[in-house]
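Okay, structure first, notes after.
Read the figures in this text as sums done on the coordinates, not as results from a lab. Just so we're clear, the structure is a prediction, and the values are computed from it rather than from any experiment. Note that each Cβ is placed from the backbone with ideal geometry, even for glycine, and that neighbours are counted across all protein chains shown.
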Amino acid sequence: MIFKLTVGSQLIIIPLVFFLIFDNYYSIKLFHEKVAESKRDTITLYMDQIDSELKNIDAYLLRIITSDSNISNLENPDEGNRMAAKVSLNKNIVESISSYQLVDGIYIYSKATKDYLYSYSARTNYNERIAMEKYTISSIENGTSFNKRDWFPASVNSSYYILRNIKVGDTYIGAWINVKTFLNYLNGIDLKQIGSVILATSSGKPMNNIDYIKNNKIDLSDHLKSYYFSGSNKNFMVIGKDSKLGSFRLLSVNKDKSLLEGLNSIQIFIIFIAIISIFLVPLTILILKKWIFKPVNKLKFAIDKIESGELDYQIKDEEHPYEFMILNKAFNNMVSQIKQLKIDVYEEQIHKQKAELQYLQMQIRPHFYLNAFNTIFSMAEMKDYKLIQELVRYLADYLRYMCKKDSLLVPFEDELKHVQNFLQIQRIRSGVSLSCEIDTDQRLMDIHIPPLILLTFIENIVKHALDIYEPITVLIKAALIENEHDKYVNIMIQDSGKGFSAEALVKINQGIIHKDQGQSIGIWNVKQRIKLIYGDKACIKASNSNNSGARIDIILPLEKE
C-alpha cells in the first residue's frame, strides 16, 4: 500500500514538476510570439500607412506624366512654348506638395534642356535643397542611381533619403523624403508600444539610430516573416515589415530583458518548486524514469523535431505504459494530419496568389501602349491631327477603363464598350479592315461578369487571326440559358479567321494549358479566375464554326448584382 501510495503520489508530483518546467519554457516562447504578433501587427499597420502615402505620391507623379501635356513641351524647340510649359509645371508641383504630408521635395528635370523645376516643403532648409538638387542632377546625368522602378534609399551629405524617380523620354520626374520626415510622421501616430523604431534598407543597413545598432551588433538583414533575436548576446528581438513600394523596411528593436520584466520572480518560483520536488522523490527515480521520463522525453524530442520542420518524424512503437502508447499513436496521427493540412493550405494559397498575380500582369500591356504611342507619333509627323484626336480619345477611354477596374465583377455593357474601344484602336493603328458585330438582348446588358475576359479572347483574335490582306469580322453574341434551377448567360465570341488548330482545341477544352505557356497565359488566366469566382458552375468551350473562324463560348451563372 505504501509503495503504491508513494508511486501514485510521485506519479502526480513528477509530471507536475515536468509540466511546470515545460510550461515555463513554452510560456516564455508563447509570450515572445504574442508580443511579436502584437508588435508585428502594429508595424504592418504603420508600414501600410506609409505605403499608402507613397502610393498616393506615385499616382500624382503618374498623373503628371500621362495627363499633363506640358511634360512633352519641356523639350519643345520653341522657347515660348517651352517657357509656358515650365511655368505651368512648376505651378502644378508647388501647389500640390502641401497635399502630401510625407513629401519633402518634388522635381522635374529635362536632360535635354537642363531645366530643373522644383518644389520643397517648409521642413527643408537651403543647404538640404541645394544638396538634393546637385545629387538629383548628377545621378540623372551619370545614370548610376536612378535606373530604379520603385522608391529607393540614398545617402546624401550624411543624411538618408527615400527617393522616387520616373523617366519619360529625356524628362525625369520624382520626389524625395528625408528619413527624419518618416520618423516624425511615425511619432505623430504614436509608436511607444513597439519600442525602438528603425528605418533600414532592404539589405539591413540602418538609416537612423545607426550608433545604437552598430554598438549592439544588431543584424537588420534577416527575413521578416517572423521575429528573430540578434545582437552580441542575442538579446534583442527584431520585428519588421518590408515596404511593398520600395527597397526599405520598418523595424522594431526591443531588448529581451525589458520584455520579460515581471516574469523573473515567477521563473524563480517555478524552479524552486522543481528542485524541492526532485529531492522528495530520490528513491523512485528509476521507476519514474521508466514510467514517465523516458516516454515524455521521447514525446518532447518528437515535438522538437516537428517544430524544426521535420513533419515526417514518427514516434517508434515501444513498450510503455498504456496511456503513453495511446498518446504516441494519437501524436503520430496528429502529425500526419498536420502535414497533409499544411500541404493543402500551402498549395491553395500558392494557386490563389499566382492566379491573382497573373490577373494583375494581364492588365499591364506595355507593348500595346508603346505601339499606340508610336502610332500617334507617326500620325503627328504626317500632321493627321483629326486621326490623332480620334486615336487619343479611344486610348484615353481604354486606359481609364484599365485603371479603374478593380472590382470582382463589372457590367457586361461596360465590357462590350471596352472591347469596341480596343478594336477601334487596333483598326486605326493597323489600318486593316476589322469590324465587330454585337448581337445581344438588351436585357442582358446589366448582367455582371469578370473584367477583361472578353478582351483576352479579342486580343487573341487580333494577334492570331488579323490579316492585312483580308478583312476580319468579330461577332459577339450573348444569349440566356435557363433550366429548372438556375439561369446562365452564354457569351459567344467568333471571328472569320482560320480557326483553332486541333492541338489548341484539345488543350483549351480539356484544361491542359498551363500558366508557363506564354501563348496561352491569357486563356489560362481567364479559366483560373472564373474557377475562383464561380467554381464548377462556369466553363469555357472552344470550337471552330461551320463556315470558318474560331469560336469561344463562355458560360457563366447569371449575375445582376
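Asp304 to Gln510: extension gain in nm, 0.36 nm per residue of separation minus the Cα-Cα distance?
Using 0.36 nm per residue and subtracting the Cα-Cα distance, I get 69.6 nm.
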FRET efficiency (Asp441, Tyr126; Cβ distance; R0 56 Å; to 0.05) is 0.25
Nonlocal amide H pairs with Met207, under 5 Å, H built at 1.01 Å: Leu199, Ala200, Thr201
Between Lys316 and Lys255, what FRET efficiency follows from the Cβ-Cβ distance if R0 is 56 Å, with the result rounded to 0.05? 0.85
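Work out the FRET efficiency for Lys217 and Lys34 from their Cβ-Cβ distance, taking R0 = 30 Å, and round it to the nearest 0.05. All intermediate terms of the calculation are to be shown ahead of the outcome.
Working: r = 27 Å, r/R0 = 0.89.
Step by step, r from the Cβ atoms, then E = 0.65.
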Filter Lys29/Lys339; Lys55/Lys205; Lys86/Lys111; Lys225/Lys342; Lys234/Lys255 down to the pairs with a C-alpha to C-alpha distance above 19 Å, please. Lys29/Lys339; Lys55/Lys205
Extension gain (nm, one decimal) between Leu558 and Ser226, 0.36 nm per residue minus Cα-Cα: 115.2 nm
Label-point gap, in nm, between Lys205 and Tyr369 - each point 7 angstrom along Cα→Cβ: 3.0
Extension gain (nm, one decimal) between Ser433 and Ser69, 0.36 nm per residue minus Cα-Cα: 127.9 nm
When Leu416, Leu399 are arranged by how many other beta-carbons sit within 10 Å of their Cβ, fewest first, they go Leu399, Leu416
Ranked Phe152, Phe19, Phe236, criterion: other C-beta atoms within 10 Å, fewest first: Phe19, Phe152, Phe236
Integer Hz, Karplus 6.51/-1.76/1.60 couplings in order for region 550-557, x for Gly and Pro: 8, 9, 10, 10, 10, 10, 10, x
Within region 111-186, which trypsin sites (Lys or Arg not before Pro) sit in a loop by DSSP and count at most 11 neighbouring Cβ atoms inside 10 Å? Lys114, Arg149
In sequence order, calculated HN-Hα J values of region 335-345 (Karplus, 6.51, -1.76, 1.60; Hz; x Gly/Pro): 4, 4, 5, 5, 4, 5, 5, 5, 5, 5, 5
Tell me which residues come under 5 Å, amide H to amide H, from Gly240 once H is placed; ignore anything under 5 positions away on its chain. Ser252
Karplus-derived HN-Hα couplings along region 98-114 (A = 6.51, B = -1.76, C = 1.60, θ = phi - 60°), whole Hz, x at Gly and Pro: 5, 7, 10, 5, 7, 6, 9, x, 10, 9, 9, 10, 9, 5, 6, 9, 6
State, to one decimal in nm, how far the label point of Met382 lies from the label point of Asn76, with both points 7 Å from Cα in the Cβ direction. 2.5
